[in-house]
Each structure stands twice: as C-alpha cells, then as structure tokens.
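Chemist: I have a structure here, written as structure tokens, and I will follow up with some questions on it.
No value in this document is a laboratory result; all are computed from the given coordinates. Please read these numbers as outputs of a predicted model, since none were measured by experiment. Here the Cβ positions follow ideal geometry from the backbone for every residue, glycine too, while neighbour counts run over all protein chains shown.
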Ligand SMILES: *Cc1c(COP(=O)(O)O)cnc(C)c1O
C-alpha cells in the first residue's frame, strides 16, 4: 500500500553514511546499527518531537526512572529485500499491537499507529541500502520505549522516549542447541509480566542461562513456576514439540509471550494438514516419548532465528538426545516462512507487508 509519512515526523538526514565501514559478511547479531534512528518524546500527556535523525548517543539524566524501576518495553521485527529491491516486513501490525499491550502492563503510554508505521516507512527508505537481498539477510528492527522522568520515587514516569533502531543481520545459525529444562528458576509467574516484552524479563534470565552454559547447554527451557513440570518457553522463543507426527505447543497465558512466529507456524501446520495441538505438555510426557522413540523434534520459534532446532535436552542431570531427521518440521516451517518473508512464494495469509 502507498503510505504517506505523517507531517509531524521531521527528518534530519545524516551527512555521511557509515555503511562502507560495515562488513556485511561478518555481522554479529544486533551489534551494528544503521545511519538513522527514530525518536519521539511523551510529555504532558502526548507524543511529540517525532524525528528521524542520525544514529547516535542520547543524553538522559542518571535519575531517569528507567534506570531505577525498569519501565522499559521493546519489540523485535525484521525488514527483508527481494531480488527486485522490494522491501517487506512480516506481520508488523502484530508487533505494533504487542508493544502497546506490553506498555499497558508496564503502566506506560501506548504509541500511535500512524507514528509507528510512519517512522518505519521513513527509516526503511532512508536506510534501504542497509537491507541486503539474499535469503537470510535482513534488517532487524528494534522499537523500544523507556521512562525518562527525572526522579527516583517509585511511581510511573510521566515522560517517555520511544526509539527505533535498525541493525543489519545475516542468517542466524544457532548451531547445535542443547537445552536444560528448568527445575529451579522461573522466568515468569501467574499474574506477572511474562506475556509482555518487558526489558526486565530478559535480564532475569541471564544468570540461570549462564549456569546452564557452564554445564555445556546453550539455553534454558522455562517451565511453570509452581511445579516446573509444564514446558512453556525457550528464552526469546516459543517452543514446539513433535511427538510422532503431531506438533504440540503450549497455549498462551500470562507467562508466555504471544509470538508471531509461533502463531504463523500453527497457521502453516493447519494449511499443510500437519496434526497440531495447542495444549499443556509436561516434562514427563516428553521424557517418556523420548524413551519410546516417539519424540521426533523440539524447536524454538521467534523472529531472530525464525526456527531453531534443539538437539538434546537435560532434566534431573540426565541428557536425552533427539534424532537427526531428513525431513524435519523445523526445516519445512523455516523454508515456508522465509519464502513468504522474502517475497519468493505467494502469501495466502496476507502476512507480507510491502514498504512503499
Ligand atoms: C519475542 C519473544 C518470542 C518470539 O516472538 P516473535 O513474535 O515470534 O518474535 C517468544 N518468547 C519470548 C519470551 C520473546 O521475548
């Protein structure tokens, strides 16, 4: 669709581009940023000062509430380029809705739709050279909102900044991922903020994940906080199990993030007549299935890696290996999703969003 950038977004172009300093064949995920960023301030009850400006540091008071009480939410999305130079996003409306859902839970103001999409269109056009064509290449988009009111009283901020950064990314190969099913730590609890992309959810995972790493595992699979029996989340991904030919994933609740990749996989499974169940799945069921040879696959699903197959899991100090499959569901879903994202195949679900 043809999009008019709202007048209230002012654009300050960078004098020179840094793109020539970047080695696009050796990108570390999320470590290099494009020439421009978007910034907008919430003050006196409204969003103002919307601008696209050169990427650079911010000046923020050390007393800003974000540093003390963690009022911060974010999103993760991607832009893709096809062989004709067309630029696409994948279901961006869902990211927009989700950051506002996260914001409401953190007592933060919602961000207006026209500014969100206006900012994305303006930035992706200005920095379009940062999106490389070719399967696996993308521009990772990181919108986030932070509390900027000065003062260390524990109450919601009355000032916020909404920022969008763009970071070029290559195919994200996670290698052989071995995981531990968590038996002690939790990432989220009933009534908490697990369903929100709230910054603190991630900081809290680093320590248990480090402990897992020391033992030779890359990730922790989060279980319910009561019994550590129901399998729920994989760090920054949702998690799927394949028992015989049936795909299973946990239902969304207030501990689980409503992933866009997750719901796209479920839709694809339905369209491809792959048996699938959205229900709670327990550690004992998965262990039993593994023993009987019925556990075929476990994989994570999320924007960064799309689909990330898991090769082994550990529970009660015992490690269980997964078979190596020729025609895995993981590979099938990844291929199908990427064909839609890169404008290679048709898009029967209307997920592709052309940036014009
Ligand atoms: C972002 C995220 C996901 C994946 O969501 P997508 O919309 O598919 O990128 C899953 N779980 C958690 C905890 C996340 O933060």
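Chemist: What is the distance in Å between the Cα centroid of region 214-245 and that of region 25-53?
Modeler: Between the Cα centre of region 214-245 and that of region 25-53, the gap is 33 Å.
Chemist: On to the next question. Mind giving me the FRET efficiency for residue 319 and residue 278? R0 is 22 Å, r the Cβ-Cβ distance, nearest 0.05 is fine.
Modeler: That pair, residue 319 with residue 278, gives E of 0.20.
Chemist: Now for a separate question. Each label point is 7 Å from the Cα along the Cα-to-Cβ direction; what then is the distance between the points at residue 332 and residue 48, in nm?
Modeler: 5.6
Chemist: Can you work out the FRET efficiency for the pair residue 339 and residue 171, with r the C-beta to C-beta distance and R0 = 22 Å, to the nearest 0.05?
Modeler: About 0.95, to the nearest 0.05.
Chemist: Still on this structure, I have one more. Taking 1 over the mean of 1/r across every pair of different Cα atoms in region 177-341, what Kirkwood radius in Å do you get?
Modeler: On the way: mean 1/r = 0.0629 Å⁻¹.
Kirkwood radius, region 177-341: 15.9 Å.
Chemist: Between residue 163 and residue 21, what length comes free when the chain is fully extended (0.36 nm per residue of separation minus the Cα-Cα distance, one decimal in nm)?
Modeler: Details: separation 142, 0.36 × 142 = 51.12 nm, distance 2.37 nm.
Full extension from residue 163 to residue 21 adds 48.7 nm.
Chemist: Okay, next question. With a cut-off of 8 Å between alpha carbons and a minimum separation of six or more residues, what is the relative contact order of the chain in percent?
Modeler: It comes to 19 percent, rounded to a whole number.
Chemist: Suppose the Debye formula is applied to equal point scatterers at every Cα of the chain; what is log10 I(q)/I(0) at q = 0.09, 0.11, 0.13 Å⁻¹?
Modeler: -0.53, -0.79, -1.09
Chemist: Something else now. How are the C-alpha pair distances of region 252-322 spread across 5 Å bins, as whole percents from the shortest bin up?
Modeler: 3, 12, 20, 24, 23, 15, 3, 0
Chemist: Give me P(r) over region 10-170, computed from all C-alpha to C-alpha distances, binned every 5 Å, as integer percentages.
Modeler: 2, 9, 18, 20, 20, 14, 10, 5, 2, 0, 0
Chemist: Right, here's the next one. Could you work out the per residue convex hull volume over the alpha carbons of region 168-263, in cubic angstrom?
Modeler: Dividing the Cα hull volume of region 168-263 by its residues yields 136 Å³.
Chemist: Still on this model: Among 236-247, 201-212, what's the highest-first ranking by average C-beta atoms within 10 angstrom per residue?
Modeler: 236-247, 201-212
Chemist: If the chain between residue 154 and residue 229 were fully stretched, how many nm would it gain, using 0.36 nm times the residue separation less the Cα-Cα distance? Could the numbers behind the result be given before it?
Modeler: Working: separation 75, 0.36 × 75 = 27.00 nm, distance 3.51 nm.
Full-extension gain reported as 23.5 nm.
Chemist: Between residue 258 and residue 93, how many nm apart are label points set 7 Å from Cα along the C-beta direction?
Modeler: 1.4
Chemist: Determine the gain in length on full extension of the stretch residue 60-residue 104; use 0.36 nm per residue of separation and subtract their C-alpha separation, reporting nm with one decimal.
Modeler: Gain on extension, residue 60 to residue 104, equals 13.5 nm.
Chemist: Say a paramagnetic label sat at a point 7 Å from the Cα of residue 215, along Cα to Cβ; which residues of region 315-341 have their backbone N under 15 Å from it?
Modeler: Taking a point 7 Å out along Cα→Cβ of residue 215, the residues of region 315-341 whose backbone N falls under 15 Å are 315-321.
Chemist: Separate question: Using a Förster radius of 22 Å, what is the FRET efficiency between residue 13 and residue 83 based on their Cβ-Cβ separation? Nearest 0.05, please.
Modeler: Working: r = 28 Å, r/R0 = 1.25.
The value I calculate is 0.20.
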